[in-house]
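Q: I am attaching a structure below and will ask some questions about it afterwards.
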Amino acid sequence: MAFGFAQEYVVVTDSAAATQAEQDGIATAAANDSTAVSADSTTSTTVTAEADSVKADSVKPAAPAKVAAPAKAKADTTAADTAGSKKMRNKITYADYQEKVLRSAKKRSKTMHHGLSLMSATYNDKNYWHMDHDANWGMGMGMYYFYRHYFGNYFGVQGRLGALYRYSRWTFDVDEQEGKLSTGEKYTLRHELDRKYYNFSADMPLTGKFGYHIKGTTTFLYTSLTLGLTKPIYELTDTENRLYMSTKDKKLKEDLALFESAGATPFPAYESHQTNKFFYMDDWETNSWIGLGVESRLVSFEIQMFAFGGATQNANHRFHNIGQGSPTWRMFLDFSIR
């Protein structure tokens with residue numbers, strides 16, 4: 001019994017030892033796995049460290065950029081502050097901006113204009129070259145540059161500078177002479193004169209306007225007073241003298257009819273000549289006009305009537321003052337380019 005117990009004990013002991021050995025093997029394997037993991041971890045750590053070291057070495061030269069970063073950030077901050085301050089100074093909506101632009105443009109369009117002015121006139125000279133006869137007909141044309149400025153809603157000033165062309169014509173009887181032929185027939189000789197002049201001058205009228213701007217528009221209704229200075233430059237005068245013969249004597253009429261049918265009649269007798277001259281520096285004309293007009297930003301119309309004026313001795317062109325004889329008129333049509 002004792003031997004059998006011992007044998008059983010040994011078996012048990014061997015079984016326990018086997019179990020222990022198995023556990024020890026598992027522990028050893030675990031230890032080996034742990035060691036392997038530890039080795040792998042150590043290797044990985046070493047490799048990672050080396051990679052980080054290499055990366056750090058490659059990044060290291062860029063270190064000065066890190067030093068410059070505060071300056072850049074400061075510049076960005078300054079720019080942002082500047083932009084912010086400008087935005088505060090110009091804080092306005094788009095609608096307000098548009099309204100401001102339109103208001104400014106409207107103000108300029110109402111206060112300042114300049115452009116081209118065209119003029120047409122009916123002139124009536126008197127006592128040209130000391131003749132005691134008024135012109136039968138006269139006309140004028142002009143082209144000007146103008147500048148116009150308004151002061152408020154009621155007053156404006158407009159200046160013009162341009163070239164002026166004038167034409168006038170006279171036809172009148174100079175005299176009549178009665179005579180008698182040796183055969184006793186009576187006759188009358190009539191001297192008729194036809195004179196035309198073509199005048200080229202520089203013209204400088206200055207106009208003051210009193211009126212009212214229609215609310216909400218650029219239209220201006222006004223009356224005007226103009227003071228002008230005209231400088232004659234060149235003039236061509238064409239003169240023709242005609243001599244006519246008339247009679248109440250029957251025999252003389254028959255004789256004149258015979259001459260006329262033969263194409264040999266001496267009447268009317270003609271004589272013509274031309275004169276031209278350039279005016280001197282001291283030859284000037286002064287003139288004043290009263291007028292009515294309507295203006296807009298682009299097109300304006302004005303009609304004026306000659307009021308009074310004068311001329312130096314050699315300028316010679318004088319016109320009837322207002323209320324005396326046939327009036328002198330002129331019309332202006334202005335085209336604004338601004």
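The values are calculated or read from the model by the stated rules, or taken from the named source; none is laboratory data. Small disclaimer: the values here were computed from a predicted structure and weren't measured. Reconstructed Cβ throughout: ideal geometry from the backbone, glycine too, with neighbour counts over all protein chains shown. When the accessible area is computed, the model is the full protein with side chains, heavy atoms only, and any ligands, DNA or RNA have been set aside. Shrake-Rupley method; radii C 1.70, N 1.55, O 1.52, S 1.80 Å.
Q: Whether any residue in the range 241-259 is of a type outside the set (Ser, Thr, Tyr), under 20 Å from Gly142 (Cα atoms), in contact with a strand residue (DSSP E or B) (Cβ under 7 Å, 6 or more places away or on another chain) and in a strand (DSSP E or B) is what I want to check.
A: no
Q: Filtering the range 301-338 down to residues that are open to solvent by less than 20 Å² (accessible area, probe 1.4 Å) and of a type in the set (A, V, I, L, M), which residue is modelled with the lowest pLDDT?
A: Ala315
Q: Quick one: how many residues across the range 158-187 are closer than 30 Å to Ser336 by Cβ and either in contact with a helix residue (DSSP H, G or I) (Cβ under 7 Å, 6 or more places away or on another chain) or open to solvent by less than 50 Å² (accessible area, probe 1.4 Å) (or both)?
A: Summing the residues that are closer than 30 Å to Ser336 by Cβ and either in contact with a helix residue (DSSP H, G or I) (Cβ under 7 Å, 6 or more places away or on another chain) or open to solvent by less than 50 Å² (accessible area, probe 1.4 Å) (or both) in the range 158-187 gives 7.
Q: Could I ask something else about it? Here are the criteria: (1) surrounded by fewer than 14 Cβ atoms within 10 Å (Cβ to Cβ); (2) in a strand (DSSP E or B). Tell me which single one Arg190 does not satisfy.
A: (1)
Q: Let me ask something additional. Just name the residue that is modelled with the highest pLDDT out of those in the range 94-150 that are within 24 Å of Gln313 (Cα to Cα) and assigned to a helix (DSSP H, G or I).
A: Selected residue: Tyr128.
Q: OK, next. Pick from Thr223, Thr218: which is at pLDDT 90 or above and polar (S, T, N, Q)?
A: Selected residue: Thr223, the only one of Thr223, Thr218 that is at pLDDT 90 or above and polar (S, T, N, Q).
Q: Of all residues in the range 150-199, count the ones that are closer than 30 Å to His113 by Cα and among the β-branched types (Val, Ile, Thr).
A: Residues meeting the conditions: 1.
Q: Hey, another quick one. Name the one entry in Leu258, Leu229, Leu221 that is of a type in the set (A, V, I, L, M, F, W, C), within 18 Å of Tyr144 (Cα to Cα), out of contact with any helix residue (DSSP H, G or I) (no Cβ under 8 Å at 6 or more places or on another chain) and surrounded by fewer than 16 Cβ atoms within 10 Å (Cβ to Cβ).
A: Being of a type in the set (A, V, I, L, M, F, W, C), within 18 Å of Tyr144 (Cα to Cα), out of contact with any helix residue (DSSP H, G or I) (no Cβ under 8 Å at 6 or more places or on another chain) and surrounded by fewer than 16 Cβ atoms within 10 Å (Cβ to Cβ) holds for just one of Leu258, Leu229, Leu221, which is Leu229.
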